[in-house]
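Down below is the structure, laid out as structure tokens.
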Amino acid sequence: MRKINIGLFIDTYFPMIDGVIMVVDNYAKRLSKYANVYVFAPRIPKTKYNDSIFNYKVIRCKSIDISFIDYALPLPDFDKKFKEKLNNCNLDIIHIHSPATIGNLAVKYAKKRNIPVIATFHSQYRKDFYRATKSKFISNLLIRKVIKLYNNCNECWTMNNEIARIFQEEYGYKKNIKIINNATDMKPINNKKEARKNVCKKHGIDNNHKILLFVGRINKLKNIELIVESLRLIDNINYKMLFIGNGQDDTFLNNLITKYGLNDKIIMCGRVTDREELAKYYASADLFLFPSLYDSNSLVQLEAASQKTPTLFVEGSATSARVIPEVDGFFAKNSPKDYSKKIIEIIQDKEKLKKVSEKAYEDLYISWDDEVERVYKEYIRIIESREK
């Protein structure tokens, strides 16, 4: 049987890093065992990159910087060479991972050649649009365009039932949505004590400190303000809070930390791109703080679970849809008073924290190897159903 040609389309890519980029990279790396894989993405202005490091083909189009968001805007319709390369790939199936310009081009390509196209709902797009435009009218208009695009796909996938509900009930998507889990490539560290020792030495942390951790883009959408507002209310436990990542709200976060006099409690670590090094941070942490109401199913909570580190979420968050309260994760209300109270409660109840840590690993840790094997079988099913 010949190898099929798979096209994964995304509106931003390395060297930028976010959850959707990591999903596409993990798909592409593993799908390459079964198929010829092409990732179609923008060429980021004034940025050096080396696509030869990948075991799959990356084909890039022109883009322009947009000052008020973290990302560049791809311009595939104005890139003749890009479209020529796309036409020469003879794709058998297309999977779009973002609904903007490259996603639109992908759907047009699929319809013209009568090949199946899948889309994954990765984000709560209305929140993205409102953050960029500050206009409910424009945000709703853009949502209608997104749903129109996805209605032209053969299937749409997402990561949990809560995001499926949001797209169907709040965004107006009318078709069925298949649940395909996110996963992680992070392997459990055997010697957590040694990992913690290394992290503590690097940042000058005493062994008696509890370590709290956040990993992700430094962006107000992640509810990072709640973390700092909560920590300023904690004075009865010795802790160090580590923020790993960067983003458009770095200055905002640093100013907030200084405002509340927490510079001796909070350490800004910047980006950590080495996966083994990042695993050490997760393994060192007593608790992972992820109060985001924006994320759909964040990879970082799965990475934390891979190291037996449980997450404290905010009640009602979509990203926590698979988590059982007090069993494999923790929840608090979206207020500094309640979130800080829960942090203290978790840290002080060592026996319960240990039990929840173990269950987080048992219940939530999913390997990309297993999940991408399932994805490939889904691709084959969709292709074969079109051929009948």
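Can you give me the long-range amide H partners of E326? Hydrogens built in the peptide plane at 1.01 Å from N, cutoff under 5 Å, separation of 5 or more residues or another chain.
Here the answer is F331, since their amide H atoms fall under 5 Å of that of E326.
Can you return the lysines within cross-link range of K359? Criterion is Cα-Cα under 18 Å, with same-chain partners fewer than 8 residues away left out.
Within the straight-line cut-off, K359 pairs with K187, K192, K308, K350.
Considering every pair of different Cα atoms, what Kirkwood radius, in Å, is found for the chain?
21.9
If amide H atoms are built 1.01 Å from N in the plane of the peptide, which residues on other chains or at least 5 residues away come under 5 Å of the amide H of V215?
I244
What are the ³J(HN,Hα) values, in whole Hz, obtained from phi via the Karplus relation 6.51 cos²θ - 1.76 cosθ + 1.60 with θ = phi - 60°, for each residue of segment 209-224 in sequence order, with x given for Gly and Pro?
Calculated HN-Hα couplings, in order: 6, 7, 10, 9, 9, 10, 10, x, 5, 7, 9, 4, 4, 7, 6, 5 Hz.
Along segment 350-362, what does the Karplus equation 6.51 cos²θ - 1.76 cosθ + 1.60 (θ = phi - 60°) give for ³J(HN,Hα), rounded to whole Hz, x for Gly and Pro?
Once θ is set to phi - 60°, the couplings for segment 350-362 become 5, 5, 5, 4, 5, 5, 5, 4, 5, 5, 4, 5, 5 Hz.
With θ taken as phi - 60° and the coefficients 6.51, -1.76 and 1.60, list the Karplus ³J(HN,Hα) couplings across segment 75-83 in order, rounded to whole Hz; mark glycine and proline as x.
Once θ is set to phi - 60°, the couplings for segment 75-83 become 10, x, 5, 10, 10, 4, 5, 4, 5 Hz.
For segment 192-364, just say rounded, prolate or oblate: build the C-alpha gyration tensor, square-root its eigenvalues into a ≥ b ≥ c, call rounded for a/c under 1.5, and beyond that prolate if a/b exceeds b/c, oblate if not.
Rounded, because the longest to shortest axis ratio a/c is under 1.5.
Let me check I have the definition right: for segment 274-388, take the eigenvalues of the Cα gyration tensor, multiply each by 5, take square roots. What are those semi-axes in whole Å, largest first?
Largest first, segment 274-388 gives 32, 17, 12 Å.
In whole Å, how far is the Cα centre of segment 188-266 from that of segment 105-152?
Segment 188-266 and segment 105-152 have Cα centres separated by 35 Å.
How many nm is it between the label spots at R381 and I366, if each spot is 7 Å from the Cα in line with the beta carbon?
Taking the two extended label points, one gets 1.4 nm.
Mind running the shape call on segment 96-177? Use the C-alpha gyration tensor, a ≥ b ≥ c as the square roots of the eigenvalues: rounded below 1.5 for a/c, prolate if a/b tops b/c, oblate otherwise.
oblate
Quick one: which residues, 5+ away or cross-chain, put their amide H under 5 Å from the amide H of V58? H built at 1.01 Å from N.
Long-range HN contacts for V58: V39.
Please label the shape of segment 250-292 as rounded, prolate or oblate, based on the square roots a ≥ b ≥ c of the eigenvalues of the alpha-carbon gyration tensor (a/c under 1.5 means rounded; beyond that, a/b larger than b/c means prolate, else oblate).
Verdict is prolate for segment 250-292.
Considering only Cα-Cα distances, which of the following residue pairs are longer than 27 Å: K197/K354; K29/K148; K80/K377; K57/K136?
In this structure, K29/K148; K80/K377; K57/K136 exceed 27 Å between Cα atoms.
FYI, it's all coordinate maths here, none of it is from the lab. Predicted model only: the values in this text are computed from it and were never measured. Counting neighbours? That spans all protein chains shown, and the Cβs are built from the backbone with ideal geometry, glycine included.
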